[in-house]
There are 2 protein chains.
Amino acid sequence: MNSKDIARIAGVSRSTVSRVINNYPNVPPETKEKVLKVIREYNYVPHASARMLRGKSSKTIGLVIVDLKKNSDIHKVYDNVYFGPFTTAVIDFANQLGYNVLVITVYKARDYKKVREVFYNKTINGAIFIGVKNDDPDIKNLIEAGLKTAVIDQEIREDEDDAFNKSIIVNMDNVNGAYKATKYLINLGHTEIAHITGDMEKLSGFARLEGYKKALKEEGIPFKSSLVVKGDFVEESGYKAAYRLFKKAKPTAIFASNDQMAIGAMQALEEMGYKVPEDVSIIGFDDITISRYLKPALTTMSASLLQMAELAVENLIKSIEEEIAITAKFVVPVKLVERESCKRIEIQREKMNDEYALSMK
Amino acid sequence: MNSKDIARIAGVSRSTVSRVINNYPNVPPETKEKVLKVIREYNYVPHASARMLRGKSSKTIGLVIVDLKKNSDIHKVYDNVYFGPFTTAVIDFANQLGYNVLVITVYKARDYKKVREVFYNKTINGAIFIGVKNDDPDIKNLIEAGLKTAVIDQEIREDEDDAFNKSIIVNMDNVNGAYKATKYLINLGHTEIAHITGDMEKLSGFARLEGYKKALKEEGIPFKSSLVVKGDFVEESGYKAAYRLFKKAKPTAIFASNDQMAIGAMQALEEMGYKVPEDVSIIGFDDITISRYLKPALTTMSASLLQMAELAVENLIKSIEEEIAITAKFVVPVKLVERESCKRIEIQREKMNDEYALSMK
DNA sequence: CTGAAAGCGCTTACAG
DNA sequence: CTGAAAGCGCTTACAG
């Protein structure tokens, strides 16, 4: 069944069939109805490839889920608790705007070949990237080759010539979120506050460390490198980091750069005999689904994944359809989700003074 | 940049370029190398639509995530803890076999239009369906219209003429899993075992009820309808079901048809003042990521989502490429994951006898 | 071993 | 208001 068949059955030319399908104004209602009747009757839908070949858009965007792991070839995006919700949100928003979503996973740098393939062969009109490291050269190349992109978690640059400046960028307010998390612990009376960092190749990794430092500085609490341990956003790294941390220090609170590491750290704390929050307070970041089910339920920082997905999809599609370079940058606010894993500490330091006590209310 | 340009630059005809791309044997190595060099130099990838129009496969499958909700227009597949891991697994396996995956969400029956669209317009060559109700007429239509399909969680029928018999089907061993879960509780000494059912429009809903009944029957424990309450697989329904249940009965154990409802029920039990597992044992089904983090950690039944995804993808692609109707049916085994939410009960019934005690070891 | 040519199913400028 | 025709970028039977 093709447009020729429809034309023959409806007693018109293929031109007219095409005009009806594309809603041209100059088709009389009767002709239009006659053609539509045949189209409906035969479940006819124009061949997408033929249309594209004639220059119509494929109305397909790519969603590229990047999860570059140094060590393993065991890929476990399967239970990545973070990408799932975002992925579905992207699909929903795109579908609502009449776009299909091709999802592509990237575990090694060479997997970017899959993305180049669908871009150069004109299958997709644009792509959204998540899980990327900052300044990723593979993505840079794609942007420079003309792929329309929206990148999540990428530094917003001053340099106007930087390739990423030609991309839409959607970030959480990482610095401010980390700042607020640390400030929250300080206001609870903590001064020995440790930080388990995320993957420092990612914006969310180094920006959250920055927010942590900023809060300490503002409160006049000296930064101690012994209180900062490196993690890489996965649960096991939080677990190991907690052990390393307590070998060299004795913090009363921990700010973990994401919830997964906070969960790993809580596990280690339990094994080491520390109670949360009685002995050690802990706060995470991201508010993944699991966090509210933990005992104690994890206090964390939350940004709307839905909003981020919406911003990425809508702006990407706008930039595709308007054929202009829309390069907006967005920073989505982060708010505190107070649960059970943080506790006010008894204050026994000389630092304590009226003004400080007041600020804690 | 198209094949004509490449041909011109390489000094050959478009025919030869095409032969090189498609790996025809009758191209001398030097010619081939000469052409490949130009192709590489210009990042040339043949236009996917043009190839398709000439009859090449699109190498794209659909993954249709169905989540039909009666009540709400708030769609929350976002945090559906079950679809996420399966989705990524499907994408990975498909990518490995050189296929792209178009993901489509269906929240209302009319959303199936999106699937029909990409099928009739030849964008996809086949599709995998998850979250479907048993005997869904919309899917039936698609199968009958010739879409190659793999359906997860669908009854395997005797009737050879049934449309679903033309589809690949991949199920968990629901009946056996539910049977084992119930048997496990019985072996722990329980006889007052309640069941919170899943959505009875789905195979996993009614098949798990069947397994529950089977185990009771085999052990000579009378089935009591007062111990069976209806749920629909979402957390809140488990929460409500637990309240309804304890209004009319006093079970010592609960088999919830999935983990999400088990979580909801645990919440209700806590509110009602029952301790798990001291007062009430509870077992779930699916082993979602959250379950291991619960306190007490949830004992549950687990099937390999990875294996299910692999079976669905590989067989679907086989059926597409071999152009024959592969209609294999698979039942993936389910195993017990013993954690902390179930406890042996003190036995104080006349029913207790030597043989029974033995079977409990 | 290689090129010229037909044709996949559309859309759209052109002519009437 | 409508049809005939060109052409999008490929692939492949055909001819040599």
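The values are calculated or read from the model by the stated rules, or taken from the named source; none is laboratory data. It should be emphasised that the depicted structure is a prediction, and the values quoted were computed from it without experimental measurement. Heads up, the Cβs are rebuilt from the backbone with ideal geometry, glycines too, and the neighbour counts pull from every protein chain shown.
Looking only at the range B:145-165, residues that are surrounded by fewer than 21 Cβ atoms within 10 Å (Cβ to Cβ) and closer than 22 Å to B:Val101 by Cα come to 2 in all.
How many residues are more than 14 Å from chain B (Cβ to nearest Cβ) and within 8 Å of DNA strand C (Cβ to nearest atom) if we restrict to the range A:5-15? Matching residues across the range A:5-15 total 3. Somewhere in the range A:5-28, is a residue among the acidic types (Asp, Glu) and either within 11 Å of DNA strand D (Cβ to nearest atom) or free of Cβ contacts under 8 Å to residues at least 12 places away in the same chain (or both)? Scanning the range A:5-28, I find no residue that is among the acidic types (Asp, Glu) and either within 11 Å of DNA strand D (Cβ to nearest atom) or free of Cβ contacts under 8 Å to residues at least 12 places away in the same chain (or both), so the answer is no.
Here is the figure for the range B:45-66: residues that are out of contact with any strand residue (DSSP E or B) (no Cβ under 7 Å at 6 or more places or on another chain) and either at the interface with chain A (Cβ under 7 Å from one of its Cβ atoms) or of a type outside the set (Lys, Arg) (or both) total 11.
So, B:Glu219, is that one assigned by TED's automatic domain parsing to the domain that holds B:Leu245 and under 22 Å from B:Ala242 (Cβ atoms) or not? When the stated conditions are applied, B:Glu219 does not pass them. The single condition among (1) crowded, with 19+ Cβ neighbours inside 10 Å; (2) within 12 Å of DNA strand D (Cβ to nearest atom) that A:Ile61 does not satisfy is (2). If you go through the range B:263-288 and keep only what is farther than 23 Å from B:Leu306 by Cβ and of a type in the set (Gly, Ala, Ser), you end up with B:Gly264, B:Ala265, B:Ala268, B:Gly273, B:Ser281. Residues considered: A:Val77, A:Val27. Of these, the only one that is modelled with pLDDT under 95, farther than 29 Å from A:Lys318 by Cα and within 7 Å of chain B (Cβ to nearest Cβ) is A:Val77.
If we only count helices (runs of 4 or more DSSP H) wholly inside the range A:112-190, which ones have 1 or more residues that are under 14 Å from A:Ser204 (Cα atoms)?
Numbers: elements: A:112-120, A:137-144, A:174-187.
The qualifying helices (runs of 4 or more DSSP H) are A:174-187.
Restricting to the range B:266-284, count the residues that are closer than 16 Å to B:Ala249 by Cβ and assigned to a strand (DSSP E or B). Here the count works out to 2.
Whether a residue is free of Cβ contacts under 8 Å to residues at least 60 places away in the same chain, within 12 Å of chain B (Cβ to nearest Cβ), buried (at least 22 other Cβ atoms within 10 Å of the Cβ) and in a strand (DSSP E or B) was assessed, and A:Val103 passes this test. As a summary of the residue check, B:Val234 satisfies the conditions (1) within 21 Å of A:Lys295 (Cα to Cα); (2) modelled with pLDDT under 95 except for the one numbered (1).
Sort through B:Ile152, B:Ile130, B:Ile124 and tell me the only one that's of a type outside the set (Gly, Ala, Ser), within 14 Å of another protein chain (Cβ to nearest Cβ), in contact (Cβ under 8 Å) with a residue 24 or more places away in the chain and within 24 Å of B:Gln260 (Cβ to Cβ).
Values: B:Ile152 fails: within 14 Å of another protein chain (Cβ to nearest Cβ); B:Ile124 fails: within 24 Å of B:Gln260 (Cβ to Cβ).
Exactly one residue qualifies, and that residue is B:Ile130.
All told, A:Glu41 falls short of being acidic (Asp, Glu), within 13 Å of DNA strand D (Cβ to nearest atom) and either over 43 Å from the mean Cα position of the chain (by Cα) or modelled with pLDDT of 95 or more (or both). Restricting attention to the range A:27-54 and to residues that are more than 9 Å from DNA strand C (Cβ to nearest atom) and not in a helix (DSSP H, G or I), the residue that is surrounded by the most Cβ atoms within 10 Å (Cβ to Cβ) turns out to be A:Val27.
Results for (1) over 19 Å from A:Ile152 (Cβ atoms); (2) away from every other protein chain (no Cβ under 14 Å); (3) touching a residue at least 12 places away in the same chain (Cβ under 8 Å); (4) in a loop (DSSP other than H, G, I, E, B), shown as yes or no for each residue.
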position: A:Leu306; (1), (2), (3), (4): no, no, yes, no
position: A:Glu310; (1), (2), (3), (4): no, no, yes, no
position: A:Glu314; (1), (2), (3), (4): no, yes, yes, no
position: A:Ile317; (1), (2), (3), (4): no, yes, yes, no
position: A:Ile320; (1), (2), (3), (4): no, yes, yes, no
position: A:Ala325; (1), (2), (3), (4): no, yes, yes, yes
position: A:Phe330; (1), (2), (3), (4): no, yes, yes, no
position: A:Leu336; (1), (2), (3), (4): yes, yes, yes, no
position: A:Ser341; (1), (2), (3), (4): yes, no, yes, yes
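Restricting B:Pro296, B:Pro222 to residues that are free of Cβ contacts under 8 Å to residues at least 60 places away in the same chain, within 13 Å of another protein chain (Cβ to nearest Cβ) and farther than 30 Å from B:Val170 by Cβ narrows the list to B:Pro296.
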